[in-house]
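So the structure is just underneath, and the comments pick up after that.
The values are calculated or read from the model by the stated rules, or taken from the named source; none is laboratory data. All of these numbers come straight from a predicted model, not from anything done at the bench. Here the Cβ positions follow ideal geometry from the backbone for every residue, glycine too, while neighbour counts run over all protein chains shown. When the accessible area is computed, the model is the full protein with side chains, heavy atoms only, and any ligands, DNA or RNA have been set aside. Shrake-Rupley method; radii C 1.70, N 1.55, O 1.52, S 1.80 Å.
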Amino acid sequence: MSTVLVVDDDPTVRQILREYIEHEGHRVLEAADASFARRVLAKESVDLIFLDVLMHGESGTALCHSIKDDPECHGIKIVLLTGFDGERAWQQGLRSGADIFLVKPVNRQRIKVLLRELLSPADPA
């Protein structure tokens, strides 16, 4: 069972994602901001993070960048979530090191596909 961290300052978004992810058989941890997410990452082994771009305090893109630069977090996949769909938003997400950039609202089928793509074991060479 993989562990997924959902970081979003909107409790409704966290609840929806929790339900979708748990339905697929994964363990879910939640954080309402970057500071709490850092505390979770210091204590828990996480395989995937769904991370909101715009949050109170530190932005999701800044947190994404620091996670990707941290050797202790090597291998964690990050899906950046945003309510904005535009070239500038996409570029900012890609520069932060995100693996996937997903525009809200999310739907169950898209989350199911992402979980399968990002959490499946690598094929042996």
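Values as computed for the structure displayed
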read-out	value
Amide proton proximity set for ILE78, modelled H, under 5 Å, gap of 5+	ILE49, ASP99, ILE100
Scaled radius of gyration (Cα, divided by 2.2 N^0.38 Å) that the chain gives	0.97
Integer Hz, Karplus 6.51/-1.76/1.60 couplings in order for the stretch 97-108, x for Gly and Pro	x, 4, 7, 9, 10, 10, 8, 6, x, 8, 10, 4
J(HN,Hα) series, the stretch 111-120, from Karplus relation 6.51 cos²θ - 1.76 cosθ + 1.60, nearest Hz, glycine and proline x	5, 4, 5, 4, 4, 5, 5, 8, 10, 6
Within the accessible area of the stretch 1-117 (1.4 Å probe), percent carbon and sulfur	50 percent
Spatially proximal lysines relative to LYS112 (Cα-Cα < 16 Å; intrachain offsets below 8 disregarded)	LYS77, LYS104
Linear extension gain, ARG27 paired with ILE100, 0.36 nm per residue minus alpha-carbon span	24.3 nm
Under Karplus coefficients 6.51, -1.76 and 1.60, residue-wise ³J(HN,Hα) of the stretch 51-64 in Hz, glycine/proline x	10, 5, 6, 9, 9, 5, x, 5, 6, x, 5, 5, 5, 4
Rounded accessible area of VAL13 (nearest 10 Å², 1.4 Å probe)	30 Å²
Helical contribution to [θ] at 222 nm, DSSP H n ≥ 4, -39,500 (n - 2.57), averaged over the chain, rounded to 500	-13000 deg cm²/dmol
Lys, Arg +1 and Asp, Glu -1 on Cβ, resulting dipole of the chain about Cα centre, debye, nearest 20	160 debye
